[in-house]
1. At 1.4 Å probe size, with no ligands or nucleic acids counted, give the accessible surface of residue 97 in Å², nearest ten.
2. Quick one: net charge around residue 134, please, counting Lys, Arg +1 and Asp, Glu -1 for every other residue with C-beta under 15 Å from its C-beta.
3. Could you work out how much longer the chain between residue 28 and residue 46 gets when fully extended? Use 0.36 nm per residue separation minus the Cα distance between them, nm to one decimal.
4. Which ³J(HN,Hα) values in Hz, rounded to whole numbers, follow from the phi angles of segment 128-145 under the Karplus curve 6.51 cos²θ - 1.76 cosθ + 1.60, where θ = phi - 60° and Gly and Pro get x?
5. Could you tally the net charge around residue 116, taking each other residue with its Cβ under 10 Å from the Cβ of residue 116, Lys/Arg +1 and Asp/Glu -1?
6. Pop a pseudo-label 7 angstrom from the Cα along the beta-carbon direction at both residue 102 and residue 63 and give the gap in nm to one decimal.
7. If 66, 88 are ordered by their accessible area, calculated over protein heavy atoms with a 1.4 Å probe, which sequence runs from highest to lowest?
8. Using a 1.4 Å probe on the protein heavy atoms only, what accessible surface does residue 111 show? Give it in Å² to the nearest 10.
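The values are calculated or read from the model by the stated rules, or taken from the named source; none is laboratory data. Everything numeric in this text was worked out from a predicted model, so none of it was measured. So basically every Cβ, Gly included, is an ideal-geometry build from the backbone, and we count neighbours across all protein chains shown. Heads up: the accessible areas ignore ligands, DNA and RNA and are worked out on the full protein's heavy atoms, side chains in. Shrake-Rupley method; radii C 1.70, N 1.55, O 1.52, S 1.80 Å.
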Amino acid sequence: MEATKNKKRDRTGEIYGDYTIVRPAENDREWIARCSCGRERIVKNDNIWKLKRCKSCAAKLRTKNKKPKKDKFTEMQNWMRPKRPKFKYDVLYELDLPQCVYSCEGKLVNEYSNAASFEIVKCNSIDEKVVAKLNRRVNLKKKDVYDLCPKN
(Lines give C-alpha, C1' and ligand atoms only; values in the text may rest on other atoms or scores of the structure.)
Protein backbone atom coordinates (compact mmCIF):
# COMPACT_ATOMS: atom_id res chain seq x y z
CA MET A 1 0.00 0.00 0.00
CA GLU A 2 1.07 3.42 -0.81
CA ALA A 3 1.21 6.07 1.92
CA THR A 4 -1.06 9.03 1.14
CA LYS A 5 -0.58 12.47 2.59
CA ASN A 6 -3.58 14.22 4.15
CA LYS A 7 -4.71 17.01 1.90
CA LYS A 8 -5.24 20.45 3.36
CA ARG A 9 -8.91 21.43 3.45
CA ASP A 10 -9.62 24.44 1.25
CA ARG A 11 -11.40 27.01 3.45
CA THR A 12 -11.39 29.97 1.04
CA GLY A 13 -14.80 31.62 0.92
CA GLU A 14 -15.97 30.18 4.25
CA ILE A 15 -17.58 32.73 6.59
CA TYR A 16 -17.06 32.83 10.37
CA GLY A 17 -18.87 35.71 12.08
CA ASP A 18 -17.95 38.88 10.16
CA TYR A 19 -14.79 37.25 8.75
CA THR A 20 -14.40 35.61 5.34
CA ILE A 21 -11.43 33.34 4.68
CA VAL A 22 -9.50 34.87 1.75
CA ARG A 23 -6.48 32.64 1.12
CA PRO A 24 -4.01 30.35 2.87
CA ALA A 25 -1.09 31.94 4.72
CA GLU A 26 2.56 30.98 4.32
CA ASN A 27 2.32 28.45 7.13
CA ASP A 28 0.28 25.29 6.40
CA ARG A 29 -1.83 25.69 9.55
CA GLU A 30 -2.82 29.34 9.09
CA TRP A 31 -5.31 31.29 6.97
CA ILE A 32 -5.79 34.96 6.11
CA ALA A 33 -9.26 36.20 7.07
CA ARG A 34 -10.84 39.53 6.10
CA CYS A 35 -13.42 41.29 8.30
CA SER A 36 -16.47 42.98 6.77
CA CYS A 37 -14.79 46.36 7.46
CA GLY A 38 -11.76 45.32 5.34
CA ARG A 39 -9.17 44.50 8.02
CA GLU A 40 -7.20 41.31 7.54
CA ARG A 41 -5.62 38.99 10.08
CA ILE A 42 -3.89 35.63 10.21
CA VAL A 43 -5.81 32.85 11.95
CA LYS A 44 -4.68 29.38 12.95
CA ASN A 45 -6.72 26.32 11.95
CA ASP A 46 -7.47 25.53 15.62
CA ASN A 47 -8.90 29.00 16.35
CA ILE A 48 -10.79 29.59 13.12
CA TRP A 49 -14.16 28.69 14.65
CA LYS A 50 -13.69 31.42 17.33
CA LEU A 51 -13.79 34.25 14.77
CA LYS A 52 -16.57 36.77 15.28
CA ARG A 53 -15.52 40.35 14.48
CA CYS A 54 -12.48 42.60 14.70
CA LYS A 55 -11.93 44.94 17.66
CA SER A 56 -13.05 48.08 15.84
CA CYS A 57 -16.33 46.47 14.68
CA ALA A 58 -16.96 45.14 18.21
CA ALA A 59 -16.38 48.61 19.69
CA LYS A 60 -18.84 50.15 17.21
CA LEU A 61 -21.43 47.56 18.20
CA ARG A 62 -20.96 48.28 21.90
CA THR A 63 -21.40 52.05 21.49
CA LYS A 64 -24.34 51.59 19.12
CA ASN A 65 -26.34 49.51 21.60
CA LYS A 66 -25.56 51.65 24.67
CA LYS A 67 -28.43 53.47 26.35
CA PRO A 68 -27.86 57.06 27.44
CA LYS A 69 -27.00 57.44 31.12
CA LYS A 70 -29.64 58.80 33.45
CA ASP A 71 -28.98 61.42 36.06
CA LYS A 72 -28.51 59.42 39.29
CA PHE A 73 -29.78 62.20 41.54
CA THR A 74 -33.15 62.62 39.80
CA GLU A 75 -33.49 58.86 39.46
CA MET A 76 -32.95 58.50 43.23
CA GLN A 77 -35.47 61.26 44.01
CA ASN A 78 -38.09 59.62 41.81
CA TRP A 79 -37.45 56.30 43.51
CA MET A 80 -38.03 57.82 46.97
CA ARG A 81 -41.04 59.93 45.95
CA PRO A 82 -44.36 58.43 47.10
CA LYS A 83 -46.89 57.24 44.54
CA ARG A 84 -49.66 59.27 46.15
CA PRO A 85 -48.30 62.44 47.79
CA LYS A 86 -49.95 63.38 51.08
CA PHE A 87 -48.69 66.97 51.40
CA LYS A 88 -48.77 70.08 49.21
CA TYR A 89 -45.94 72.57 48.74
CA ASP A 90 -47.88 75.82 49.26
CA VAL A 91 -49.57 74.89 52.57
CA LEU A 92 -48.33 75.45 56.17
CA TYR A 93 -48.22 72.39 58.42
CA GLU A 94 -48.02 71.95 62.18
CA LEU A 95 -44.87 70.02 63.08
CA ASP A 96 -44.43 68.06 66.32
CA LEU A 97 -40.68 68.13 66.87
CA PRO A 98 -39.37 65.92 69.69
CA GLN A 99 -36.63 68.49 70.45
CA CYS A 100 -39.04 71.43 70.84
CA VAL A 101 -41.43 72.25 73.70
CA TYR A 102 -44.13 73.73 71.46
CA SER A 103 -45.18 72.73 67.97
CA CYS A 104 -43.81 74.69 65.00
CA GLU A 105 -45.16 75.64 61.59
CA GLY A 106 -43.37 74.68 58.41
CA LYS A 107 -43.53 74.39 54.62
CA LEU A 108 -42.91 71.18 52.69
CA VAL A 109 -39.49 70.87 51.02
CA ASN A 110 -39.58 67.24 49.85
CA GLU A 111 -41.80 64.25 50.49
CA TYR A 112 -40.68 60.63 50.68
CA SER A 113 -42.64 57.40 51.10
CA ASN A 114 -42.82 57.41 54.94
CA ALA A 115 -41.29 60.79 55.83
CA ALA A 116 -41.01 64.38 54.65
CA SER A 117 -38.60 67.27 55.06
CA PHE A 118 -39.86 70.70 56.10
CA GLU A 119 -38.52 74.23 56.40
CA ILE A 120 -39.58 75.78 59.71
CA VAL A 121 -41.32 79.12 59.16
CA LYS A 122 -42.72 79.95 62.62
CA CYS A 123 -41.79 78.71 66.05
CA ASN A 124 -42.09 79.76 69.67
CA SER A 125 -39.35 82.05 71.07
CA ILE A 126 -38.43 79.35 73.62
CA ASP A 127 -37.60 76.88 70.81
CA GLU A 128 -35.75 79.41 68.62
CA LYS A 129 -32.26 78.17 69.63
CA VAL A 130 -33.16 74.54 68.93
CA VAL A 131 -34.57 75.45 65.52
CA ALA A 132 -31.46 77.51 64.70
CA LYS A 133 -29.27 74.46 65.47
CA LEU A 134 -31.36 72.45 62.99
CA ASN A 135 -30.79 75.16 60.31
CA ARG A 136 -34.56 75.59 60.10
CA ARG A 137 -34.84 72.23 58.28
CA VAL A 138 -36.36 69.05 59.74
CA ASN A 139 -37.07 65.51 58.58
CA LEU A 140 -40.19 64.05 60.18
CA LYS A 141 -42.33 60.97 59.89
CA LYS A 142 -45.68 61.68 58.25
CA LYS A 143 -47.57 60.81 61.42
CA ASP A 144 -45.92 63.75 63.26
CA VAL A 145 -47.23 66.33 60.77
CA TYR A 146 -50.70 67.92 60.88
CA ASP A 147 -52.48 70.23 58.47
CA LEU A 148 -53.23 73.66 59.97
CA CYS A 149 -56.41 74.11 57.88
CA PRO A 150 -58.05 70.69 57.71
CA LYS A 151 -60.67 70.26 54.96
CA ASN A 152 -64.22 69.67 56.16
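1. Counting only protein heavy atoms, residue 97 exposes about 10 Å² to solvent.
2. 0
3. The span from residue 28 to residue 46 would gain 5.3 nm if fully extended.
4. Values, residue by residue: 4, 5, 5, 5, 5, 5, 7, 6, 6, 10, 9, 10, 10, 6, 5, 6, 8, 10 Hz.
5. In short, +1.
6. Distance between label points: 6.5 nm.
7. Descending accessible area places them as 66, 88.
8. Around 10 Å² of this residue is reachable by solvent.
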